[in-house]
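The values are calculated or read from the model by the stated rules, or taken from the named source; none is laboratory data. The shown structure was predicted, so the numbers you read here are calculated from the model rather than taken from an experiment. Glycine gets a Cβ as well: all are built from the backbone with ideal geometry, and neighbour counts include every protein chain shown.
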Amino acid sequence: MTRVGFYLSKAHEDTARMALACRITEKAWRSGHKVYIHTASAKQAAQCDRMLWTFRDASFIPHTLATEDDGVSPVLIGHDPEPELRLHDVIINLSDEVPVFFGAFERLAEPVAGDDTQRQQARERYRFYRDRGYALKTHELDT
């Protein structure tokens, strides 16, 4: 059964949730995991792609958009409602909805920034997972 983690940040900037997703991606990739970042739209996927190149000066995370998948990249970014998945074990959800395919992954990361709207949507996703018996863990992070 998929393990679900909520990663909470107090940051309120527009890009805080995306920056948090980049940090989680970097840690997962460095730990040897293959990561799928699920976004709400093509625009958000492109923004995530750009941010993975710039969120930290000394960082490099090999990644590509799912639409340009070369079959080699350990990190994919996509927004399809049912993407073609290949051996990725961690999903990071940047969508405001529960991805219907999250059960195909060993782990699900839900980054949550300090914005009240985002926190309310995250609470609804938390209840969804909890009510279905998923193992939940909350991580309070510094900004």
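A few points about this structure:
- Residue match in the range 54-68 (condition: of a type in the set (Phe, Trp, Tyr) and under 16 Å from THR25 (Cα atoms)): yes
- Test: residue in the range 82-96 that is of a type outside the set (Ser, Thr, Tyr), assigned to a loop (DSSP other than H, G, I, E, B), under 18 Å from ALA11 (Cβ atoms) and out of contact with any helix residue (DSSP H, G or I) (no Cβ under 8 Å at 6 or more places or on another chain): no
- Looking only at residues in the range 1-59 that are of a type in the set (Val, Ile, Thr) and touching a helix residue (DSSP H, G or I) at 6+ places or on another chain (Cβ under 8 Å), the one that is surrounded by the most Cβ atoms within 10 Å (Cβ to Cβ) is ILE37.
- Among all positions in the range 20-32, there is no residue which is among the acidic types (Asp, Glu) and part of a loop (DSSP other than H, G, I, E, B).
- Pairs meeting the criteria (first residue in the range 92-104 and free of Cβ contacts under 8 Å to residues at least 40 places away in the same chain, second residue basic (Lys, Arg), beta carbons under 9 Å, at least 6 apart or on different chains) are VAL98/ARG125.
- Annotation note: Cβ proximity below 8 Å between a residue of the range 118-143 that is under 16 Å from MET1 (Cα atoms) and modelled with pLDDT of 95 or more and a residue that is assigned to a helix (DSSP H, G or I) and charged (D, E, K, R) (sequence gap 6+ or interchain) occurs for LEU136/ARG130.
- Residue list for the range 43-72, filter: of a type in the set (Ser, Thr, Tyr) and within 17 Å of MET18 (Cα to Cα): THR54, SER59, THR64
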